[in-house]
Structure formats: C-alpha cells, structure tokens
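Below is one structure, written out as structure tokens; the observations come after it.
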Amino acid sequence: MPMQATRIIAVRHGETDWNAATRIQGHTDIALNAAGLAQAQQLGLALASDDIDAVYASDLSRAATTAQAVAKHHGLAVQLHPGLRERHFGHFEGLTWAQIEADHPADALAWRNRDTAFAPHGGESLEVLKVRVQRTLNEIAARHMGQHIVIAAHGGIMDQLYRMATKLDLQTKRSWHLGNAAINRLLWTPTSLSLVIWGDTQHLPQDSTQDNTREATQPNSAHGSPNNTSI
C-alpha cells in the first residue's frame, strides 16, 4: 500500500512597502501595500478551484492577509502559526542592504558569505531558521495526511522549503525565484519532501512577478547585495 502524502501549496505573502524599498522586515509586522493586496486577491482566485482542506499562515499580518484571500474561497479559517514567521533579523530589521553595508560592515560580510552560524544581534542564524522551518512543516503536514493544504509565509521560509525539497545546503547560492504571491507546490511524506511546481506566476500581472527579495538568505557575491528578498 503506497504511503499517504500531504499536498502543499506554499506561497510567499504579497508585496509590502518595505519589500518595494528593499528594507529588511523579518519579524517586524508590515502590512501589504495596494499591490500586495491585489496580488493576494489574484492568488485567491487562482486557487479557488483547488480542493483545499486547510490554510495556514505566519502570524505576521502580511502573510495572514494573503492567506485569508485564499481561505475565503473555501469557507476555511486561517490557522496562524508563529513557526512560519520570517527569519528574525534582529538589528538588521528596518534597514536597507546599503545601510547594513555602511553601518555594520563586519555583519554584512558574514551575511554576504553565507555564514550559516551568523545571527544579526537579537536575530536568528540560517541554521536555527532551518531547524524551525523543518519542525513546523513536519508538525503541520503530519496533521493532514492525504489532504491538500496551503501555507502562506515569507521569502526566507520559501527558500528553506526549496532547499529541503531539492536537498541543497544552506551555503548554496540561490538561483530560484521567491516572488510575492507565486504558487509553489510540494509533496510531503514523513520521510521526504519533493518539489512539484515552483514559482508559478501565471495568475499575476507580468510587472508584478519580479523577485524583490533582498532578505539575507542568499548573498550574490563578495561585492554585492544579497540576491534575494527584503524579508
């Protein structure tokens, strides 16, 4: 008898003003902007015909609002989970990459070099984030064996899910898309996580599908900003 699996639709929240300004959000609770609200509505319509059994979200409003736009089409309540929050960026939060480079050069170097043990003061390291995401995913997915669920979270969480599904380590340079409100489909079993579809943005206007992630999950090079999200 084949092992049952949990089908997962994982989505990053819609755009915020801090995303647009490449400002680090982390655990700071920033609401969706007008573009982000539109993206969330388009996402909800795109998933309206999917057979969805449960909707989960980070308890930060940008993810919760995105999840609600999906849940309303299925008569479901959004279940909030703090384990789905963005990586905590401590004293980086509220700063742009340029400000971090100028004001915290040693920290910027550790971030750029993908030091997996590095944590901004008061924040989380990549190693700690990975453990949190794995634990939270396993907890949620195990509740829904044989079902189909949505998880609305953040760029850093999407990055971890992609790495888990493709067995890439934390220091691998990111080449995959982490766009706002993109649809990512995965398959979870108690022994594996596999990728089905990643970065589907067909439901979004072409000019809203850019990856605005300058989050501190994937630095570009020794002389550039991280090539991922302002989380």
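The values are calculated or read from the model by the stated rules, or taken from the named source; none is laboratory data. Source: prediction; values computed, not measured. Here the Cβ positions follow ideal geometry from the backbone for every residue, glycine too, while neighbour counts run over all protein chains shown. Ligands, DNA and RNA are stripped out before the accessible areas are found, and what is left, the full protein with its side chains, is counted by its heavy atoms. Shrake-Rupley method; radii C 1.70, N 1.55, O 1.52, S 1.80 Å.
G199: on the phi < 0 side of the Ramachandran plot and surrounded by 13 or more Cβ atoms within 10 Å (Cβ to Cβ), yes or no?
Working: on the phi < 0 side of the Ramachandran plot: no; surrounded by 13 or more Cβ atoms within 10 Å (Cβ to Cβ): yes.
The answer is no for G199.
If you check every pair at least six apart or on different chains, which have Cβ atoms under 7 Å apart with a residue in segment 135-162 that is over 11 Å from I9 (Cα atoms) first and a residue that is among the polar types (S, T, N, Q) and open to solvent by 10 Å² or more (accessible area, probe 1.4 Å) second?
Within 7 Å, the pairs are M145/Q4; G146/Q4.
Specify the residue that is farthest from L168 (Cα to Cα); the eligible residues are those in segment 126-144 that are open to solvent by 70 Å² or more (accessible area, probe 1.4 Å) and out of contact with any Leu (no Cβ under 8 Å at 6 or more places or on another chain).
Applying the filter and picking the extreme gives R143.
Do any strands (runs of 3 or more DSSP E) entirely within segment 5-93 hold 2 or more residues that are closer than 23 Å to L137 by Cα and open to solvent by 20 Å² or more (accessible area, probe 1.4 Å), and if so, which?
Working: elements: 6-12, 54-57, 78-80.
Correct list: 78-80.
Within segment 150-170, identify whether any single residue is surrounded by 16 or more Cβ atoms within 10 Å (Cβ to Cβ), modelled with pLDDT of 95 or more, closer than 30 Å to N113 by Cβ and of a type in the set (K, R), and answer yes or no.
yes
Looking only at segment 94-107, count every residue that is over 23 Å from D17 (Cβ atoms) and either acidic (D, E) or surrounded by 20 or more Cβ atoms within 10 Å (Cβ to Cβ) (or both) and tell me the total.
1
D211 - would you say it is assigned to a helix (DSSP H, G or I), at negative phi and at pLDDT below 95? Lay out the reasoning, then the answer.
Details: assigned to a helix (DSSP H, G or I): no; at negative phi: yes; at pLDDT below 95: yes.
Taking the combined requirement at face value, the residue does not satisfy it.
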